[in-house]
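The structure under discussion appears below in the form of structure tokens.
Here, each number is a calculation from the coordinates, and none is a lab measurement. Computed from a predicted structure; not experimentally measured. In this analysis, Cβ positions are derived from the backbone assuming ideal geometry, glycine residues included, and neighbour counts consider all displayed protein chains.
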Amino acid sequence: MKEYDLMIVGPATRDVNIDYTGEESRIVGGAVTFCTPAAASTGAAVFAAIKAAPCDEEVPRAFRLPKEDMAVLPSNYTTEMRNRYFTADREKRDAACTAQSGPVLPGELPPVTRKMTHLAGLLYGDFPDELLESLKGQGKLTADIQGFLRHNENGRLVFHDWEKKRTYLPYFDILKADAAEAEILTGLSDRRAAAKQLAAWGVPEVLISYNTEMLAYDGRSMRAYPVKSRNLSGRTGRGDTVFGSYIAMRILGADMDEALRYAAACVSLKMETPGPFAGTRADVEAYLKAFY
């Protein structure tokens with residue numbers, strides 16, 4: 001049986017994106033959709049476990065993976081999101097959820113041999129407590145905190161602190177948050193202070209994304225690299241791209257500094273083109289040489 005470096009788990013989405021000019025586009029999105037190609041581009045062996053309606057055949061086609069390297073975890077619905085952006089840099093937006101997939105249950109995960117599992121969530125409820133309990137001790141576990149803070153309240157997306165954070169944060173070997181999510185968790189607006197607080201609560205390694213830089217902290221040292229995108233036409237998927245490439249580099253043996261530097265270059269390059277990252281490791285390394 002093939003052994004994978006990384007299994008990425010989470011709901012795919014049907015996205016309707018409306019930019020600040022009013023132009024509308026429809027894509028297959030979701031954290032798992034953006035994480036997977038960024039991770040695979042490093043050379044890591046990646047398996048995608050995608051929560052979606054089995055009848056939604058366009059979803060697995062969007063992953064550009066061999067069939068044996070992915071599985072669709074059945075759901076009555078594929079999550080549907082509607083994003084309206086108010087600025088050219090896509091930093092200000094209004095998001096709504098018109099349908100949400102069912103939770104990922106422990107018995108649904110395929111018996112894939114892997115070194116790391118990443119929970120690429122979108123909404124509270126994607127990953128129930130019993131899933132976290134079942135994954136504890138089964139190799140390294142990473143997560144995007146978005147899937148534990150962002151709630152679907154009758155279609156409105158509202159962020160709330162995670163009631164069980166002190167119980168479950170120590171389950172994660174690496175945790176990703178954006179600056180706003182880190183503040184919700186810790187009450188601290190300073191990104192570096194928030195990273196230290198999360199480490200004090202038992203997270204061994206933290207990555208915090210921001211529009212100008214990517215920051216990582218491992219309880220001993222802190223590193224940051226700037227975002228150097230020449231345009232922001234591909235802003236959607238920023239956090240998922242940086243974290244997918246980061247955790248893949250870490251599981252391949254890169255230290256925190258090397259992994260963060262690579263991930264900052266990968267996401268900078270990705271944001272210059274809409275859609276999931278479609279480049280190669282050689283493309284990222286060329287970008288590193290040119291801009292870092």
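Amide H to amide H, with H built 1.01 Å from N, VAL72 comes under 5 Å of ILE50, counting only residues 5 or more places away or on other chains. In straight-distance terms, cross-link reach from LYS115 covers every one of the lysines whose alpha-carbon lies under 16 Å from its own, apart from those fewer than eight places away in the same chain; here that gives LYS2, LYS136, LYS140.
Annotation: amide H of THR98 within the under-5 Å range of GLU80, MET81, ARG82, sequence separation 5 or more or interchain, hydrogens built in the peptide plane.
Cα-Cα over 27 Å: which of LYS51/LYS270; LYS164/LYS228; LYS92/LYS176? Correct reply: LYS164/LYS228.
The ranking of THR212, THR33 from fewest to most other beta carbons within 10 Å of each one's beta carbon is THR212, THR33.
Averaging the sequence gap over all C-alpha pairs within less than 8 Å and six or more residues apart, then dividing by the number of residues, gives the chain a relative contact order of 18 percent.
For region 10-38, the residues whose amide N sits under 16 Å from a probe point set 7 Å from the Cα of THR87 along the beta carbon direction are 19-21. For region 33-75, the set of trypsin sites (Lys or Arg not before Pro) satisfying both a DSSP loop assignment and a count of at most 13 other C-beta atoms within 10 Å is given as ARG64. Do any trypsin sites (Lys or Arg not before Pro) in region 124-157 lie in a loop, going by DSSP, with at most 15 other beta-carbon atoms within 10 Å of their beta carbon, and if so which? Qualifying residues, ordered by number: LYS136. When you restrict to C-alpha pairs under 8 Å that are six or more residues apart and normalise by the size of region 120-245, the relative contact order lands at 17 percent. Once the chain from GLU108 to ARG230 is taken as fully extended at 0.36 nm per residue, the excess over their C-alpha distance is 39.8 nm. Applying a DSSP loop filter and a limit of 14 other Cβ atoms within 10 Å to the GluC sites (Glu not before Pro) in region 67-121 leaves GLU91. Can you work out the base-10 log of I(q)/I(0) for region 3-291 at q = 0.07, 0.12 1/Å, using the Debye formula on its C-alpha atoms alone? After summing over all Cα pairs, the log10 values are -0.22, -0.69. When the chain is treated as a Gaussian network with alpha carbon springs shorter than 10 Å, the biggest mean-square fluctuation among THR142, THR87, THR236 belongs to THR87.
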